[in-house]
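The values are calculated or read from the model by the stated rules, or taken from the named source; none is laboratory data. Not measured: the values here are computed from a predicted model. Neighbour counts run over all protein chains shown; Cβ positions are idealised from the backbone, glycine included.
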Amino acid sequence: MRITPLISLFLLCACAGNRRDSEVSREVEETVRRAEIRSKESQTLSALAKLEEGLSAFTRAERRIPKSLDKLIPKYLAEIPAVETSTHKENSSVMIYPPNVLRDGQIDGSRLRDTGGWGYIATQRQIVVFIDCTHPTTRGEPWYKARGVF
């Protein structure tokens with residue numbers, strides 16, 4: 001059984017009979033904080049998936065690689081969505097990186113500026129859109145390695 005934040009909160013409250021209120025309050029606050037972080041992560045991954053879908057639709061229809069993500073608006077996306085991480089403020093800016101940021105087709109995190117927005121790399125053979133953040137997600141991997149879910 002998967003324990004959701006609401007079930008966790010219920011279990012904390014149900015087990016709290018023998019504890020001081022301040023201890024229970026801290027645990028409840030921490031549970032809520034972790035749930036908010038996971039929600040932001042989920043929203044950001046969904047936004048990344050939308051960007052990936054928009055890029056895919058653009059390249060199929062236009063038969064070319066867009067120079068920037070702005071080229072997707074308004075035909076393939078209504079707007080550039082915001083990135084929300086627990087380490088950066090909400091941000092929808094796009095940092096266009098040169099192809100040498102890729103090493104063997106993978107993003108070299110040591111070359112990123114960690115803007116907290118979107119990163120975009122376009123070569124003649126590859127398009128990479130990613131979250132321009134070197135901090136870890138709750139899963140422990142750097143944000144720039146995360147992929148959208150679609």
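Mind listing whichever residues of the range 1-59 are among the small types (G, A, S) and modelled with pLDDT under 85? Step through it out loud before you land on a result.
In the first step, residues of the range 1-59 are kept if they are among the small types (G, A, S); the result is 8, 14, 16-17, 22, 25, 35, 39, 42, 46-47, 49, 54, 56-57.
S8, A14, A16, G17, S22, S25 - these are the residues of the range 1-59 that are among the small types (G, A, S) and modelled with pLDDT under 85.
In this structure, is G140 farther than 24 Å from R33 by Cα and among the small types (G, A, S)?
Values: farther than 24 Å from R33 by Cα: no; among the small types (G, A, S): yes.
It is false that G140 is farther than 24 Å from R33 by Cα and among the small types (G, A, S).
I'm told E84 meets every condition in (1) within 17 Å of the chain's Cα centre (by Cα); (2) among the acidic types (D, E); (3) at pLDDT 95 or above except one. Can you identify the failing condition by its number?
(3)
What pairs come up if the first residue lies in the range 36-57 and is part of a helix (DSSP H, G or I), the second is surrounded by 15 or more Cβ atoms within 10 Å (Cβ to Cβ) and of a type in the set (F, W, Y), and their beta carbons are under 6 Å apart, counting only those six or more places apart or on different chains?
Partner pairs satisfying both residue conditions: G54/Y76; A57/Y76.
Per-residue answers, yes or no, for (1) of a type in the set (V, I, T); (2) surrounded by 12 or more Cβ atoms within 10 Å (Cβ to Cβ); (3) in contact with a Gly (Cβ under 6 Å, 6 or more places away or on another chain):
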| position | (1), (2), (3) |
| --- | --- |
| P74 | no, no, no |
| I80 | yes, yes, no |
| S86 | no, yes, no |
| M95 | no, yes, yes |
| L112 | no, yes, no |
| I127 | yes, yes, no |
| G140 | no, no, no |
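From the list R26, R60, R64, exactly one residue is without any contact (Cβ under 8 Å) to a residue 12 or more places away in the chain and not in a helix (DSSP H, G or I). Which is it?
None of the others qualify; the one that does is R64.
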